[in-house]
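Take a look at the structure below.
FYI, it's all coordinate maths here, none of it is from the lab. All of these numbers come straight from a predicted model, not from anything done at the bench. Quick reminder, even Gly has a Cβ in these numbers, built from the backbone with ideal geometry, and neighbours come from all protein chains shown.
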Amino acid sequence: MHRDEQTPYTIEALELGPMENFVYLVSDRASGRAAVVDPAWEVDRILELAQQRGVRITDILLTHSHHDHVNGIEQVLERHDARVHLLKPEARFWGRDLERPVLHHGGDVIRLGETEIRVLHTPGHTPGSACYHLGDDLITGDTLFVFGCGRCDLAGGDPEQMYDTLRRLATGLPAGTVIHPGHNYAEKPTSTLAEQKAGNPFLHFDDPAAFVRYRMHEHDRIRHTPYHPVPRE
């Protein structure tokens, strides 16, 4: 749970489903509004958490459209009149008709009460993958894991785009940024970007071809969860 009293928001994580998904509830302190990031699996637990916190779910933020991150959308919408946010290229890739979607471009800002959430376009895992940046926190979906990154061999994946995306995140955000990944694949659930630059092997490459070779052919053969830090060689 992220409950820094100096921020206008809280972030709470639920680990749900057979693939160790993290589903996040972002709550704005002032307005009592809340956003669910990637609603999936045991949706009743998400709804119960919102009820316990006394917040109302007004928004659904999607990092990408893979089934394990979206299979709870309808159940949330049955109980809450929420807007569904995703990037425009992800909507094209997904090809699904959503009721009242809000389609974004990278750099857009979503306002959740007094909380500003910046939408980052982070392709690589899918063409329209998004990360959500608020305060010192970054919700990364399947783009960046703690000491890992998302696969690029599924439909829509592109390892060269992933290389560029990870370099932009590593150089474009403060070192103290706390990442909140889409799966609980590591020895701890969150980490700072500084820790990732030091210990995440995917952030150690300066050559795109070497990154692609490692992501597509070597990583899954030599590394197993829980991921742990790997020193830069």
*Would you mind telling me the antiparallel percentage of the DSSP bridges in region 95-233, rounded to 5?*
75
*Find how many whole Å separate the alpha carbon centroid of region 33-56 from the alpha carbon centroid of region 176-233.*
29
_Interchain or long-range residues, amide H under 5 Å from ASN71's placed H_ = TRP41
_Quick check: the angle from helix 43-53's long axis to the longest principal axis of the chain, C-alpha only, nearest 10 degrees?_
60
*asked:* What does the charge count around THR165 come to, taking other residues whose C-beta lies under 13 Å from its C-beta (Lys +1, Arg +1, Asp -1, Glu -1)?
replied: -1
*Percent antiparallel among DSSP beta bridges with both residues in region 79-136, to the nearest 5?*
65
*Using θ = phi - 60° and the Karplus curve 6.51 cos²θ - 1.76 cosθ + 1.60, what whole-Hz ³J(HN,Hα) does each residue of region 61-66 get, with Gly and Pro shown as x?*
10, 9, 7, 6, 10, 4
*Pairs of Cα atoms farther than 14 Å apart, region 129-201, %*: 56
*So what's the net charge close to ARG118: Lys and Arg +1, Asp and Glu -1, counting the other residues with Cβ under 13 Å from its Cβ?*
-3
*For region 8-141, what is the largest minus smallest coordinate of the Cα atoms on each principal axis, given in angstrom and ordered from greatest to least?*
36, 30, 27
*Return the sequence-ordered ³J(HN,Hα) values of region 218-224 in whole Hz as given by the Karplus equation 6.51 cos²θ - 1.76 cosθ + 1.60 applied to θ = phi - 60°, using x for Gly and Pro.*
10, 4, 5, 7, 10, 10, 10
*Any idea which of MET162, TYR214, ALA50 is furthest toward the positive side of the dipole for the chain, if Lys and Arg beta-carbons carry +1 and Asp and Glu beta-carbons -1?*
MET162
*Cα convex hull of the chain: how many Å³ per residue?*
112
*Add -39500 (n - 2.57) for each DSSP H run of 4 or more in the chain, then divide by its residues: what number comes out at 222 nm, to the nearest 500 deg cm²/dmol?*
-6500 deg cm²/dmol
_I'd like the per residue volume of the convex hull spanned by the Cα atoms of region 94-220, given in cubic angstrom._
116
*asked:* Need one number: % antiparallel among DSSP beta bridges in the chain, to the nearest 5.
replied: 65
*Separation of alpha-carbon centers, region 77-107 and region 109-142, rounded to whole Å*: 14
